[in-house]
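Okay, structure first, notes after.
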Ligand SMILES: [Fe+2]
């Protein structure tokens with residue numbers, strides 16, 4: 001996990017988590033804070049195990065750590081955080097010169113597709129981990145959430 005810990009302490013990663021915290025300070029819906037990253041990482045690791053995906057834990061945790069960093073541009077400029085996030089993740093990972101292209105591709109493609117309901121493979125597991133990390137069934141603002149139908153279906157195990 002040595003490479004993970006280096007990226008975890010990366011100044012751009014830390015800066016983005018802080019900025020997302022600031023931009024979401026008045027948000028009534030789910031936040032994309034450090035707890036969310038941890039929840040997604042743990043659920044993603046379980047889903048990989050259950051689905052016999054033998055990716056190293058380091059890549060699973062890196063994917064979860066980086067998957068929402070594009071939220072900054074989504075809040076500031078209305079851009080798609082999954083597409084931006086994939087490019088942000090690529091720049092951060094390439095900076096370290098210790099990830100092979102296959103690893104960067106695995107992580108960035110999962111981030112790029114993690115909003116899509118019809119994704120496959122590791123991307124699908126990231127999508128599921130992202131959604132399953134949310135306590136929708138007891139959420140006070142679920143009736144105002146634009147993802148209500150998708151989230152409730154998922155939490156009622158109708159397509160999980
Ligand atoms: Fe997320």
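A short reminder: the numbers here are calculations on the coordinates, not readings from a lab. Quick caveat: nothing in here was measured; it's all calculated off a predicted structure. Cβ sites come from the backbone with ideal geometry, for glycine too, and all protein chains shown count toward neighbours.
Comparing Cα centroids, the stretch 6-80 and the stretch 104-124 end up 14 angstrom apart. Highest-first packing order for the peptide set 58-67, 22-31, 74-83 is 58-67, 74-83, 22-31, based on the mean count of other beta carbon atoms within 10 Å. The label-point distance for residue 79 and residue 24, in a model that sets each label 7 Å from Cα toward Cβ, rounds to 1.9 nm. Of all the options 20, 104, 46, the one that moves most in a Gaussian network model of the chain with Cα springs shorter than 10 angstrom is 46.
Report relative contact order for the stretch 26-160 in percent, whole number only (criteria: Cα-Cα under 8 Å, sequence separation at least 6). Please report the intermediate quantities before stating the final value.
Details: 143 pairs, mean separation 30.9, N = 135.
Computed value for the stretch 26-160: 23 percent relative contact order.
Based on the convex hull around the alpha carbon atoms, the stretch 2-134 presents an average projected area of 7.5 nm².
Each label point was placed 7 Å from the Cα along the Cα-to-Cβ direction; for residue 156 and residue 49 their separation is 3.0 nm.
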